[in-house]
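Novice: Just passing along the structure, written as structure tokens.
Coordinate-derived values only; no laboratory data. As the structure is a prediction and not an experimental result, all values here were calculated from the model. All Cβ positions, glycine included, derive from the backbone under ideal geometry; neighbour counts span all protein chains shown.
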Amino acid sequence: MGIRVGIDTGGTFTDLVAVDDRTGRWYLAKVPSNPKQPVAAISAALEQAAFDPADVDFIVVGTTIGINAVLTRTGARVVYLTTDGFQDIPHIQRINRKHHYDFHWRKPTPLADRQDCIGIAERIDAYGNVLTALDEQQVQDAVKDLAASVGAGADGSADPVAVAVCFLFSYLSPQHEQAARDAIHAVAPDLPVSLSHEVAPIWREYERGTAVILDAYMKPALDRYVAGVTDAFARQGAGDRWSLLKSNGGHALAEEALRKPSHILLSGIAGGAIGGAYFARQAGAQQAIVVDMGGTSCDVCLVVDGEPLFSSEYEIEFGLPVSVPTIHTHTIGAGGGSIGWVDPGGFLQVGPQSAGADPGPACYDAGGSAPTITDANLLLGRLDPEFFLGGWLQLKPELSGAAMRTLADRLGHDEVEVASSMIRIANESMANAIRIVTVEQGIDPRDFAIVAMGGAGPTHACGIAESIGIDRVVVPPHPGVTSAFGALAAPVRVDEVRSIALKSTDLDAAALAAMVAELEETASRNFAAQSPGGEQPRVERAIAMRYQGQNYEQEVALPEGAVDADALAKTFERYHDLHQEFYGYRFDGAPIELVRIAVAVAGPDAELPPLHAQGEARPGRTAEVYFEEGGFQPTTVVPRTEIGEQERSGPAIVESLDTTVVVPPGWTLHGLPGGVMELRRGAAGRTPAAAGTSTTATATA
């Protein structure tokens, strides 16, 4: 037993949470992120935590390196090899449109250029039989000029390059993809190659193709990142065996994660969902909405029955799906660094542009001049300029005022009105994000609690709750580092999928049971390779199905026990119910198509000692704080360490090392066992739910 460490590298800050299993002592650290050198921020966090690295026996890192590379389009050049005649599919995409009547909308740009999409002579049919043998010479000719680019990009001299291979029906018979990789490595041994049957063994060649292109796009950057972090840990004496948090909320050893970079895409986001669900359960909120508002963005995740929802697909942007297992989240550009600006019509807007960590908000006095949400909160008295991040960073209110004044002059209002309007706009944007994961799925959000996380989440949580009619907010002991806590608390988790083509009317239950058992064995074997010895995993099984003739499917959990006729009858009945809940109708007796088996094997929930608020605190006092109703008014400011189970009434400000909690008039707060704080609002402010919502929390992602 030693020290377990969780690290989250966000766009603005890099956070660390660690616990010593021998003593129960917790260590916290928060340092500015370094987008150009993310490893440097990790090293700085380890130094700030001030424990002996030699005592570390477990590290999990959540990183945004993958999603940042995709969003900024700074990944590798990808050469896409596919079955001849299908090389235009990444650019043709699907027929659906984001806005049906918007003639200016354009499809998203694929991560592989058209000239790098190459057709290869080969063909396997829908039963896995070889129709045309692979032309290995053509494969080698396609990549022979790429060998000189291997390893490029590390010093900025050239763009790195990787190869993605996606042949038709390779998920049934992968022999051609495997032979293509062997042929490539025969002429370019170090060239990174991603194979679609390993990344996303599913039917639909477009979705499989986008997943393997993404995997190759991320590979060189992730290779350099893992090498850099491994070296940093070794130099500081923390060892070289560590794990990366995966998009599915589990973690995998770094060397194993390198095999499937696309599964690390949402690594940095997953930690927030895992940590939020942990503290929701601790507060007795089995139905919760995690709102993780940091410096750059806000991530929203639904927690049902104490667990975050999962999805088999994530859209980088509309029309660009990635078919890998993920925690189901919705992200918008709303954070403490979000910039206020005036659109061509003269209306105030907030975000998605962000000041980020460099130069940051104007009040950081680091070169930023644009008015941000942090500047707005400072002008409204919500932030103490002398105690931001526990006093680590001194804010300059006069710089916030100057930045806000430029915006106010354009709008014809004073700085306080503009700052208040920026807060309302940001809150409404986040409330809309909540509506997307609840109301648009037929769920009434008023039956949920908000778990407020991130450095800015607790500052805005009550305003967001009021916008959507929620009466309860849960604040973890250290909201600003909860994503790092989630990385620490995440179990080992392995997801395996297999495409099938079966129909309920002529289904062989024994054959299906054999397929499920084979997938369970594969997942369990991979789990055993990743987990500490002796862990007893839990196994979840599901089948994606649809009515015959439909184009999209829904996953339905298989009951525990044998996969026999009785279990399948219950599963089909559950599908009818789910279709009724989701679409409002059902087709009892209609044939059901089974298109995919999914198996998840996960370790037990982490056993952790209680985490209580810690850090030096300023004495309680009274400050003038602006609220939408009543303007500036005397407000009690309380250190988080002094919040007990006794109920207090707003208005109030609760200060801690990593965040500021704003408690408006009409709200109360009190502490709960385990260090969690709860905020409650009176029923008088409750708003009606949107039409068509249900109080049944049975959403599927």
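Novice: Could you state the number of Å between the C-alpha centres of the range 45-70 and the range 17-38?
Specialist: 7 Å
Novice: Follow-up. Express in % the proportion of alpha carbon pairs of the range 422-507 at distances exceeding 16 Å. Present the calculation step by step, with values, prior to reporting the outcome.
Specialist: Values: 2387 of 3655 pairs.
The proportion of pairs with Cα distances above 16 Å equals 65 percent.
Novice: Let me ask something else. What is the fewest-to-most order of THR82, THR482 by other Cβ atoms lying within 10 Å of their Cβ?
Specialist: Numbers: THR82 26, THR482 34.
Ranking THR82, THR482 by Cβ neighbours within 10 Å, fewest first, gives THR82, THR482.
Novice: Here's a follow-up. Taking a cut-off of 27 Å between Cα atoms, list the lysines near LYS396, but don't count ones fewer than 8 places away on the same chain.
Specialist: LYS30, LYS36
Novice: Could you tell me which residue out of GLY561, PHE587, ASN526 lies farthest along the dipole of the chain toward its positive end? Charges go on the beta carbon: Lys and Arg +1, Asp and Glu -1, centred on the Cα centre.
Specialist: Most positive-ward Cα: PHE587.
Novice: Can you give the longest stretch of the chain with no exposed loop site, where a site means GluC sites (Glu not before Pro) in a DSSP loop (not H, G, I, E or B) with at most 10 other C-beta atoms within 10 Å? Walk me through the numbers before you get to the answer.
Specialist: Values: sites that count: GLU386, GLU560, GLU607, GLU616, GLU629, GLU645.
Excluding the exposed sites themselves, the longest stretch runs over 1-385.
Novice: Report, as a whole number in µm² per second, the diffusion coefficient that Stokes-Einstein gives for the range 549-599 at 20 °C and 1.002 mPa s using the Kirkwood radius over alpha carbon pairs.
Specialist: Numbers: Rh = 11.9 Å.
My calculation gives 181 µm²/s for D.
Novice: Follow-up. Using the C-alpha gyration tensor of the range 493-602, what are the square roots of 5 times its eigenvalues, in whole angstrom, with the largest one first? The partial results should precede the final answer.
Specialist: Working: eigenvalues 151, 40, 29 Å².
Equivalent ellipsoid semi-axes, largest first: 28, 14, 12 Å.
Novice: List, in the order given, every pair from LYS219/LYS246; LYS503/LYS570; LYS98/LYS260 whose Cα-Cα distance in the structure shown is over 21 Å. Numbers along the way, then the final one.
Specialist: Numbers: LYS219/LYS246 15 Å; LYS503/LYS570 15 Å; LYS98/LYS260 29 Å.
Violating the 21 Å Cα-Cα cut-off are LYS98/LYS260.
Novice: So if we plug the beta-carbon distance of HIS91 and ARG259 into 1/(1 + (r/R0)^6) with R0 = 25 Å, what FRET efficiency do we get, rounded to 0.05? Before the final figure, lay out each step's value.
Specialist: Values: r = 28 Å, r/R0 = 1.10.
With a Förster radius of 25 Å, E is 0.35.
Novice: Bin by bin, in steps of 5 Å, what percent of the Cα pairs in the range 1-96 do you find, going until the bin that has the longest distance?
Specialist: Histogram of Cα-Cα distances, whole percents per bin: 3, 11, 18, 15, 12, 9, 7, 7, 6, 6, 5, 1, 0.
Novice: Suppose R0 equals 35 Å. What FRET efficiency, 1/(1 + (r/R0)^6) with r the Cβ-Cβ distance, do ASP113 and ASN551 give to the nearest 0.05?
Specialist: Values: r = 29 Å, r/R0 = 0.83.
In this case the efficiency is close to 0.75.
Novice: Moving to a separate point now. What's the magnitude of the charge dipole for the chain around its Cα centre, counting Lys and Arg as +1 and Asp and Glu as -1 at the beta-carbon? Answer in Debye, nearest 20.
Specialist: Around 760 debye, computed over the chain.
Novice: For ALA234 and LEU507, compute 0.36 nm times the residue count separating them, minus their Cα-Cα distance, and round to one decimal in nm. Could the numbers behind the result be given before it?
Specialist: Details: separation 273, 0.36 × 273 = 98.28 nm, distance 5.41 nm.
Taking 0.36 nm per residue and subtracting the Cα distance, the gain is 92.9 nm.
Novice: Moving on. One-quarter of the Cα convex hull surface for the chain, in nm²? Kindly include the intermediate steps, with their values, before the conclusion.
Specialist: Working: hull surface 124.5 nm².
Over all viewing directions, the chain projects a mean Cα-hull area of 31.1 nm².
Novice: If you plug each phi of the range 285-293 into the Karplus form 6.51 cos²θ - 1.76 cosθ + 1.60 with θ = phi - 60°, what whole-Hz ³J(HN,Hα) values come out, in order, with x for Gly and Pro?
Specialist: With coefficients 6.51, -1.76 and 1.60, one gets 9, 5, 10, 8, 10, 7, 10, 10, 9 Hz.
Novice: Right, something else. Report the equivalent ellipsoid semi-axes for the range 292-448 in whole Å, largest first, defined as the square roots of five times the eigenvalues of the gyration tensor built from alpha carbon atoms. Mind dumping the intermediate values first?
Specialist: Values: eigenvalues 201, 62, 46 Å².
Here the semi-axes work out to 32, 18, 15 Å.
Novice: About the Cα centre, and with charges only on the beta carbon of Lys, Arg (+1) and Asp, Glu (-1), how big is the dipole of the range 493-602? Nearest 20 debye, please. Can you show the working numbers first?
Specialist: Numbers: 11 positive and 19 negative charges, 45 e Å.
Approximately 220 debye in magnitude.
Novice: For the range 78-196, what mean projected area does the convex hull of the alpha carbons give, in nm²? Walk me through the numbers before you get to the answer.
Specialist: Numbers: hull surface 36.3 nm².
Mean projected area of the Cα convex hull: 9.1 nm².
Novice: Given 0.36 nm per residue, what is the gain on full extension from GLU398 to ASP566 after removing their alpha carbon distance, in nm? Before the final figure, lay out the partial values.
Specialist: On the way: separation 168, 0.36 × 168 = 60.48 nm, distance 7.05 nm.
Difference between extended and current length: 53.4 nm.
Novice: Using θ = phi - 60° and the Karplus curve 6.51 cos²θ - 1.76 cosθ + 1.60, what whole-Hz ³J(HN,Hα) does each residue of the range 575-582 get, with Gly and Pro shown as x?
Specialist: Computed from phi, the couplings for the range 575-582 are 5, 4, 4, 5, 5, 4, 5, 7 Hz.
Novice: Of PHE310, MET545, ILE434, whose Cα points farthest to the positive end of the dipole of the chain (charges on the beta-carbon: +1 Lys, Arg; -1 Asp, Glu; origin at the Cα centre)?
Specialist: Highest projection toward the positive end goes to ILE434.
Novice: Name the residue farthest towards the positive end of the dipole of the chain from the options CYS301, HIS251, ALA376, assuming +1 on Cβ of Lys and Arg, -1 on Cβ of Asp and Glu, about the Cα centre.
Specialist: Going by the Cα projections, it comes out as ALA376.
Novice: Moving to a separate point now. Provide, as a two-decimal number, the C-alpha radius of gyration of the range 185-292 over 2.2 N^0.38 Å, N being how many residues it has. All intermediate terms of the calculation are to be shown ahead of the outcome.
Specialist: Numbers: Rg = 17.1 Å, N = 108, 2.2 N^0.38 = 13.0 Å.
The range 185-292 yields a ratio of 1.31.
Novice: For the range 78-196, what is the charge dipole size about the Cα centre, in debye to the nearest 20, if Lys and Arg each add +1 at the Cβ and Asp and Glu each add -1 at the Cβ?
Specialist: Working: 9 positive and 16 negative charges, 138 e Å.
Roughly 660 debye for the range 78-196.
Novice: Here is a follow-up. Return the calculated 222 nm mean residue ellipticity for the chain, to the nearest 500 deg cm²/dmol, obtained by summing -39500 (n - 2.57) across DSSP H runs with n ≥ 4 and dividing by the residue count.
Specialist: Numbers: 16 runs with 205 residues, N = 701.
One gets -9000 deg cm²/dmol as the mean residue ellipticity at 222 nm.
Novice: With θ set to phi - 60° and the Karplus curve 6.51 cos²θ - 1.76 cosθ + 1.60, what are the ³J(HN,Hα) couplings of the range 445-456 in order, to the nearest whole Hz, using x for Gly and Pro?
Specialist: These are the phi-based 3J(HN,Hα) values: x, 5, 8, 10, 9, 8, 9, 8, 9, x, x, 9 Hz.
Novice: Now, a different point. Skipping prolines and chain starts, which residues have an amide H placed within reach, meaning under 5 Å, of the one on PHE167, given they are 5 or more residues away or on another chain?
Specialist: Here SER196 satisfy the definition.
Novice: Shape verdict for the range 295-343, please, from the Cα gyration tensor: rounded (a/c under 1.5), prolate (a/b greater than b/c) or oblate. Mind dumping the intermediate values first?
Specialist: Values: a/c = 3.54, a/b = 1.55, b/c = 2.29.
Oblate, since a/c reaches 1.5 and b/c is not below a/b.
Novice: When the gyration tensor of the range 430-480 is built from Cα positions, what are the square roots of 5 times its three eigenvalues, in whole Å, from largest to smallest? The partial results should precede the final answer.
Specialist: Values: eigenvalues 77, 21, 18 Å².
They are 20, 10, 10 Å, listed largest first.
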